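Asks: Here it is: the structure, laid out below.
The values are calculated or read from the model by the stated rules, or taken from the named source; none is laboratory data. Everything numeric in this text was worked out from a predicted model, so none of it was measured. Cβ sites come from the backbone with ideal geometry, for glycine too, and all protein chains shown count toward neighbours.
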Amino acid sequence: MAFSAVMGQEVFDGASLFGPAKGHASAASAAHAASGSDAQLVERCLAGDGTAWQDLVRIHTRRVYAICYRFTGSDADAQDLTQDVFLRVFKSLATFHSATGTFSVWLTRLTRNLLIDHYRRTKADRATGSLEDHLPVLEERSALAGRTEGMVAGREASELIQGALQKLSPELRETVILRDLEEMEYREISQALEIPEGTVKSRLNRGRAELARILRRQGVGI
Amino acid sequence: MTPSSKIRQSSALSCAQCEEHLADFLDGALSHELKALVEAHLGTCNACADFARDAAGAVAFTGRASAIEVPATLIPQILSEITTGPSRVLVEAPLAERIFGRWIRPVLQPRFALGLAMAALSVAVIPWRWQTAELATAPARILTMAENRVYRVYDRAVKGYEDLAVVAEARNQIDEWRDATDQDAAQPANNDIRVQPR
């Protein structure tokens, strides 16, 4: 029996669900154009152009904040970390070399390193708060019981994913965030996390499957 | 031999190979042949099918999540750091670059510091070299300077000798006073000696 017949062609036909429809080809060309403009922007920043620094902050703050927020699950922490990331950028932009990768990847690696530092620093806090974390799950389970996945979208889906992401290990969490939420290429994720592409895909598969199981336990139909 | 050709030869995927291609399968990035092989494996392996179903479900669900909105105050806070805050000095070009332009930057790199220091030393030495050259061409001046030096040494020697004489005289005087004091102290003791009559 063909697998697509079992699962439904619309779900597992990669081309129709995620392929060109997700815009990876156009995203790649857009990313290439962006990397070129980023390189020029960095040049201007290093020349002491104040407006270039402001443009750099305006263009990249959303992405850095989104990664921090998805990883930490806290608005206050994400804001603090975003500011820390840009302070680090102000200090060390001269160490960025466009020959070794795009500015976007360099910035993602910087963000990821600060997130891992933050994760290690707050490990003790999470251990004490772990019991409280279980309580809202019961409420969510009853509230979402019987709902289908099609009914959950937008902000509600975003909050559910946010809660589920916090239960993933940091390695799986960062991979899922960078690929499925920030739509980075495998090569870029590989460079940012400094791991082989095969490891990226392996972590991504495990992270997605674990995320689905967590969401299902919360009563979300996956 | 490429991985694809290896797979074609075996004509069936193992679970590990299936997982290896799953991410690309879900992206729709596999060739028709590989896609057919993955589908065939998923049709026969329940564990991989469940795994793939979960992964696909998660991708579909995350695709429906709304984008994260940046708090309105965050960008102004970061910008204030470089416009009025302590990071302002980090993003401004150095004074030398503002005056001379960017071409001065390579010259100011640390590896050129030693060269610059040596150049400065060479420039500083030039007046001393000029003075030396001038002396070499003026023997009379050299003789005058040498004569002055000799007189100065002689005067210092005389002054040192006179100082020593004063010190010796003062010392003799002190010794005399000390002897006189000792004699005065010994005189009454001699007077007290009585010879007892037999």
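Asks: Here are some residues: B:Pro188, B:Pro127, B:Pro106. Which one is within 30 Å of A:Lys91 (Cα to Cα), loosely packed, with under 10 Cβ neighbours inside 10 Å and modelled with pLDDT under 75?
Replies: Being within 30 Å of A:Lys91 (Cα to Cα), loosely packed, with under 10 Cβ neighbours inside 10 Å and modelled with pLDDT under 75 holds for just one of B:Pro188, B:Pro127, B:Pro106, which is B:Pro106.
Asks: When you look at B:Ala138, is it surrounded by 10 or more Cβ atoms within 10 Å (Cβ to Cβ) and modelled with pLDDT under 75, yes or no?
Replies: The answer is no for B:Ala138.
Asks: Restricting to the stretch B:51-71, give me the number of residues that are in a helix (DSSP H, G or I) and of a type in the set (Ser, Thr, Tyr).
Replies: So the answer is 1.
Asks: Out of the stretch A:186-215, which residues are surrounded by fewer than 17 Cβ atoms within 10 Å (Cβ to Cβ) and either within 15 Å of the chain's Cα centre (by Cα) or more than 8 Å from chain B (Cβ to nearest Cβ) (or both)?
Replies: Once the filter is applied, which keeps residues that are surrounded by fewer than 17 Cβ atoms within 10 Å (Cβ to Cβ) and either within 15 Å of the chain's Cα centre (by Cα) or more than 8 Å from chain B (Cβ to nearest Cβ) (or both), the stretch A:186-215 yields A:Arg187, A:Glu194, A:Ile195, A:Pro196, A:Glu197, A:Thr199.
Asks: Please verify whether the stretch A:119-132 includes one or more residues that are surrounded by 14 or more Cβ atoms within 10 Å (Cβ to Cβ), under 14 Å from A:Arg70 (Cβ atoms) and at pLDDT below 95.
Replies: Yes.
Asks: Name the residues in the stretch A:55-84 that are closer than 16 Å to A:Met184 by Cβ and touching a residue at least 60 places away in the same chain (Cβ under 8 Å), would you?
Replies: A:Arg63, A:Ala66, A:Ile67, A:Arg70, A:Phe71
Asks: Separate question: With the structure loaded, tell me whether B:Ala67 is exposed (fewer than 15 other Cβ atoms within 10 Å of the Cβ), closer than 30 Å to A:His60 by Cβ and facing another protein chain (nearest Cβ under 8 Å) or whether it fails that test.
Replies: yes
Asks: Which residue out of B:Leu37, B:Leu30 is over 20 Å from A:Leu56 (Cα atoms) and part of a loop (DSSP other than H, G, I, E, B)?
Replies: From the options B:Leu37, B:Leu30, the qualifying one is B:Leu30.
Asks: A further question on this structure: For the stretch B:30-53, give me each residue that is of a type in the set (A, V, I, L, M, F, W, C) and surrounded by fewer than 14 Cβ atoms within 10 Å (Cβ to Cβ).
Replies: Matches in the stretch B:30-53: B:Ala36, B:Ala47.
Asks: Filter the stretch B:31-51 down to residues that are under 23 Å from A:Leu172 (Cβ atoms) and within 7 Å of another protein chain (Cβ to nearest Cβ), then give me how many there are.
Replies: The number of residues fulfilling the criteria is 3.
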